[in-house]
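Some notes on the structure that comes next.
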Amino acid sequence: MKAKPCSNSLAIKTTHVHPPDTNVHNTLFGGRLLAHIDDLAAISAVKHCRNPVVTASIDSVDFLTPVRAGDAILIESFVTWTRNTSMEVFVRVITENLVTEEKEVCNTAFLTFVAIDEYGRPTPVPPVYPETDYEKTLHESAPERAEQRGERRNKSKTFAQKIGSEYIWDRNK
């Protein structure tokens, strides 16, 4: 497969934060932001591989600054690294006070997607290559993040096996 530049998968979304999107503190619900992040990152992944994708993981998501009702959020995403059937997608979220023009990075995240074929099986993806210094920094640090994801996934599997699948109330009988 022919390698593609990171910029080929760039996706951008801007949305206005309305009161129904916020919690009792008048700030954006974290889950609402996660939905935007997952949606846009999936678009980047599909643009890169031109196949359906599934979300395999979302790395830790840190909410750096609050996003208030009336603000806008600009979300950017692109594929930073690939393996055989998986892609790492970087997402950056910027909040903007539309009245004062103040902008801040309020969130960053890395997501992993797996490309699937028409039968739902993993399918190969093209390699990706960086062009800008920004992309190169993300691309070069990706193998370390992938290793950390693998370790975290193994720990999660071990923990899930330990706690089992019985409902808690069934254990008390």
Item checked: Hull-based mean projected area of the chain, where the convex hull spans the alpha carbons, in square nanometres -> 13.3 nm²
Notebook entry, point to check: Under 12 Å Cα-Cα from Lys4, which aspartates and glutamates qualify once same-chain neighbours fewer than 8 residues away are excluded?
Noted result: Glu131
Margin query: With n ≥ 4 as the cut-off for DSSP H runs, can you work out [θ] at 222 nm for the chain, using -39500 (n - 2.57) per run divided by the number of residues, rounded to the nearest 500?
Written below: -11000 deg cm²/dmol
Item checked: Filter on Lys47/Lys103; Lys13/Lys136; Lys2/Lys47 - keep pairs with C-alpha separation over 20 Å -> Lys47/Lys103; Lys13/Lys136
Note to self: Quick one: 3J(HN,Hα) in Hz for the range 37-42, Karplus 6.51/-1.76/1.60 with θ = phi - 60°, rounded, Gly and Pro as x.
What the structure shows: 4, 5, 4, 5, 4, 5
Notebook entry, point to check: What list of ³J(HN,Hα) values in whole Hz, one per residue of the range 14-23 in order, does the Karplus curve 6.51 cos²θ - 1.76 cosθ + 1.60 (θ = phi - 60°) give from phi, with Gly and Pro shown as x?
Noted result: 10, 9, 8, 8, 9, x, x, 7, 10, 9
Item checked: Residue (of Val17, Asn97, Pro5) at the positive-pole extreme of the chain, dipole from beta-carbon charges -> Pro5
Margin query: Ignoring GluC sites (Glu not before Pro) that are buried or in helix or strand per DSSP, and keeping those with at most 16 other beta carbon atoms within 10 Å, what is the longest stretch of the chain between them?
Written below: 1-100
Next item on the list: Return the single residue from Thr123, Thr85, Thr132 with maximal mean-square fluctuation; model: Gaussian network over the chain, springs between Cα atoms under 10 Å.
Entry: Thr132
Next item on the list: Could you please rank Arg68, Arg32, placing first whichever residue has the fewest other Cβ atoms within 10 Å of its Cβ?
Entry: Arg68, Arg32
Next item on the list: Would you mind working out the magnitude of the charge dipole of the chain relative to its Cα centre, with +1 at each Lys and Arg C-beta and -1 at each Asp and Glu C-beta, to the nearest 20 Debye?
Entry: 760 debye
Margin query: Given Cβ point charges of +1 (Lys, Arg) and -1 (Asp, Glu) and nothing else, what value in debye, to the nearest 20, does the dipole of the range 24-71 about its Cα centre take?
Written below: 160 debye
Margin query: For the chain, set up a GNM with springs between Cα atoms under 10 Å and report which of Ser44, Ser141, Ser57 has the largest fluctuation.
Written below: Ser141
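Read the figures in this text as sums done on the coordinates, not as results from a lab. What you are looking at is a predicted structure, and each value in this text was computed from that prediction instead of being measured. Because the Cβ atoms are built from the backbone with ideal geometry, glycine has one as well, and the counts that use them run over all protein chains shown.
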